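Written below as structure tokens is the structure these notes are about.
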Amino acid sequence: MITKVTDVAVFKQKALAWAATFDTACYLDSNNFNDPYSKFDTVIAVGAKAELTANAGDAFAQLSAFRDSNPGFITGFFGYDLKNETEHLRSQNPDHLNFPDLYFFAPEILISITGNEVEIIGGNEEQILEIVESSSLSSGTQKAALNLQPRFSRDEYIQAVEKIKNHIVRGDIYVTNFCQEFFADDAEIDPLSIFSNLNKLSPTPFSAFFKWQGNYMMCASPERFLAKRGSKLISQPIKGTARRDEDEKVDQLLIEELRNHPKELQENVMIVDLVRNDLTHSAKPGTVKTEELYGIQSFKQVHQMVSTVVCQLRDDVSAVDAVKNTFPMGSMTGAPKISAMQLMEQYERSKRGVYSGSIGYFSADGDFDFNVVIRTLLYNSSKKYLSFHVGSAITYHANAAQEYEECLLKAKAILEVLGISKA
């Protein structure tokens, strides 16, 4: 069933509020960013007619079988610690969220929105449309005080970065993504209100609200991990961040500084090389190319440097294997990839879990699209544990104090929706 709505923004908010009443729901919103590879503006999947929960070991094989049994639209997430399946690695840091490494579901009802057209698939479609349009909008705010705590003090973070830089001097790695967790115990929140406020404050092309079994992800990601469009694979790593400024001239200067900053250019091109290498595992020979290098995208909170790497998918590589062959994404690991992941396991103080992983979908036509889970709140409602990570790229030229400030800049919108002035 396809229908047109007069106020798309209001309909999306109502559809999200309706979806959040289900035990299992996924809301993916492009926030009207002009992306040549997007297939819809918003997609909403609710109810699980089939689902898969798996941990590192044979998770990708289980997903392949699940995909064969559910060839229509499925949506879900990959946790960063699937690295232990794709490479000979381990995760030994504390995990307080206890999310699985992989979860996917085939929805009972699927709503996709493109322009002002709404398509509903599954259930009594006319009745669903009526229920959504009569839904009340969320107006809640975060009122309960949260005792947000860091895993690193500022001084501890700076000391760790200096030690990591010593590894770069020794040649162990060239670049890495060093991440830190902020968390709150005994946290009582309204995930729907927090996501709605976050999406208004920091609209991004890969935002997501994901709910299953009392667990929540509230994501404002600006980054695409990997997409498939026909026989083409697209990866768009982000490396390079600058703040926004209300003064238009200053804001433009900040863009130019980012575009010409040696450290930002260095880390971007190193990750592009890593992504190019990852794509060769799935690509037809000679088809891997950098479609755009050092592109600048401006979001409400920050400017980002985004590059686009593409290839033609080999006929013998499945969609699931194409994801496996590039996972985890280079922008969240470093180079050389395995060495960087091994080192970060030593220096970080908490398991990344879904952070540095990916949320997205496989569609009925064989395509897929997955984001990078950054700028994301994770919440286990049964444990009342709230968590988010932030990270930045560490290179030889990195200034530890500036990297710490970059982490706080990336966390700015999350802290604001939580009613916290600073971490």
From (1) surrounded by 21 or more Cβ atoms within 10 Å (Cβ to Cβ); (2) over 20 Å from the mean Cα position of the chain (by Cα); (3) of a type outside the set (A, V, I, L, M, F, W, C), pick out the condition that doesn't hold for residue 379. (2)
Among what's in the range 296-332 and is part of a strand (DSSP E or B) and surrounded by fewer than 19 Cβ atoms within 10 Å (Cβ to Cβ), pick the residue that is modelled with the highest pLDDT. 312
Against the definition (under 23 Å from residue 405 (Cβ atoms), in a loop (DSSP other than H, G, I, E, B) and touching a strand residue (DSSP E or B) at 6+ places or on another chain (Cβ under 9 Å)), how does residue 168 come out, yes or no? no
Report, ordered by the first and then the second residue, all pairs with beta carbons closer than 9 Å, sequence separation of six or more or different chains, a first member in the range 333-349 that is outside any loop (DSSP other than H, G, I, E, B), and a second member that is of a type in the set (A, V, I, L, M, F, W, C) and surrounded by fewer than 17 Cβ atoms within 10 Å (Cβ to Cβ). 338/89; 341/89; 342/89; 345/89
So residue 37 fits all but one of (1) more than 22 Å from residue 224 (Cα to Cα); (2) surrounded by fewer than 20 Cβ atoms within 10 Å (Cβ to Cβ); (3) in contact (Cβ under 8 Å) with a residue 12 or more places away in the chain; what number is the exception? (1)
Does residue 138 satisfy the criteria of being more than 23 Å from the chain's Cα centre (by Cα), surrounded by 15 or more Cβ atoms within 10 Å (Cβ to Cβ) and at pLDDT below 95? yes
Evaluate the range 199-208: report whether one residue or more is in a helix (DSSP H, G or I), on the phi < 0 side of the Ramachandran plot, surrounded by fewer than 24 Cβ atoms within 10 Å (Cβ to Cβ) and not hydroxyl-bearing (Ser, Thr, Tyr). yes
Extreme residue, nearest to the chain's Cα centre (by Cα), among residues of the range 212-236 that are of a type in the set (D, E, K, R) and in a strand (DSSP E or B): 224
Can you tell me which of (1) surrounded by fewer than 20 Cβ atoms within 10 Å (Cβ to Cβ); (2) touching a Gly at 6+ places or on another chain (Cβ under 7 Å); (3) within 21 Å of residue 196 (Cβ to Cβ) is the one residue 32 doesn't meet? (2)
Check residue 56 against each of (1) among the aliphatic types (A, V, I, L, M); (2) farther than 30 Å from residue 297 by Cβ; (3) free of Cβ contacts under 8 Å to residues at least 24 places away in the same chain and name the one condition it does not meet. (3)
When you scan the range 216-266, how many residues do you find that are buried (at least 21 other Cβ atoms within 10 Å of the Cβ), of a type in the set (Gly, Ala, Ser) and either within 25 Å of residue 280 (Cβ to Cβ) or at pLDDT below 95 (or both)? 4
Checking the condition closer than 30 Å to residue 198 by Cα, of a type in the set (Val, Ile, Thr) and touching a residue at least 24 places away in the same chain (Cβ under 8 Å), which residue from 310, 306 passes? 306
Residue count for the range 364-423, restricted to those that are assigned to a loop (DSSP other than H, G, I, E, B) and at negative phi: 20
When residues of the range 180-198 are limited to those that are within 23 Å of residue 298 (Cα to Cα) and under 16 Å from the mean Cα position of the chain (by Cα), the one surrounded by the most Cβ atoms within 10 Å (Cβ to Cβ): 195
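The values are calculated or read from the model by the stated rules, or taken from the named source; none is laboratory data. Everything numeric in this text was worked out from a predicted model, so none of it was measured. Here Cβ is always computed from backbone atoms with ideal geometry, including for glycine, and neighbour counts include all displayed protein chains.
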